[in-house]
Amino acid sequence: MRLEYFGGIVYCNGQPYVPDLAEAMAGETEEHSRVKDNVFLALQERLPDGCRAYTAGMRVLAPGYGKRDYACPDVIVTCGALRFDESKSPPVLLNPVLLVEILSRSTKSHDYITKEKAYFQVESLLEYWIVDPERPHVRRHHRSSTEQGGVVRIDFENETNTVPGEIPGGFNVPLAAFYLK
């Protein structure tokens with residue numbers, strides 16, 4: 001069961017959720033966990049100098065996403081010095097360049113709609129990837145000054161595809177690397 005915190009309310013499968021104490025911790029499927037680890041490792045191996053990947057747990061600025069304006073993406077990439085809002089406890093990262101969400105059935109609409117809008121309000125963010133853990137599919141959102149709305153969406157749906165990263169220094173990741181067993 002994957003839980004989502006939005007607007008001060010915990011949701012499970014799109015419904016407000018009040019867990020008993022034994023269920024209070026969020027969990028993820030084996031596929032979700034494996035793909036998240038694979039994405040982290042694939043990115044960490046290919047990122048240019050000065051950039052680093054982090055796995056879930058670090059909070060990032062997400063203006064308009066709930067009343068606390070932060071989210072916890074599955075994978076975060078930063079380049080250069082980290083900046084935090086130290087007034088929050090724990091501090092909130094202000095300058096990610098790439099955020100990755102691994103889809104969960106219960107949070108799918110938030111990942112595709114709500115989080116995209118909130119994440120791209122962060123000035124430093126260049127890319128947002130949504131990875132489907134059940135089939136080879138990545139939706140890559142990246143900033144573009146030539147497109148209306150400033151965000152281009154491209155789907156990669158074949159393990160033979162390579163997903164490009166357009167952060168400073170650039171990189172390429174074979175989609176197959178996300179789905180290693």
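Quick note: the coordinates plus some simple rules give every number you see, no bench work behind them. These numbers come from a predicted model, not from an experiment. Every residue, glycine as well, gets a Cβ built from its backbone with ideal geometry; the counts of neighbours run over all protein chains shown.
A few comments on the model shown:
- For Lys115, a cut-off of 16 angstrom between C-alpha atoms picks up these aspartates and glutamates, skipping any fewer than 8 places away in its own chain: Glu4, Asp69, Asp74, Glu101, Glu123, Glu127, Asp132.
- J(HN,Hα) series, the range 156-171, from Karplus relation 6.51 cos²θ - 1.76 cosθ + 1.60, nearest Hz, glycine and proline x: 10, 10, 9, 4, 7, 6, 10, 9, x, x, 9, 6, x, x, x, 6
- Environment charge at Ala177 (Cβ cut-off 10 Å; Lys +1, Arg +1, Asp -1, Glu -1): -1
- Net charge, Arg68 excluded, C-beta distance under 10 Å - Lys, Arg +1, Asp, Glu -1: +2
- Of all lysines in the structure, those lying under 17 Å Cα to Cα from Lys36, and not within fewer than 8 positions of it along the same chain, are Lys108, Lys181.
- Pairs of Cα atoms farther than 31 Å apart, the chain, %: 12 percent
- Sites listed here are trypsin sites (Lys or Arg not before Pro) in the range 38-92 whose DSSP assignment is loop and whose Cβ has at most 12 other Cβ atoms within 10 Å: Lys67.
- Proximal charge balance of Lys117 [Cβ under 14 Å; K/R count +1, D/E count -1]: -1
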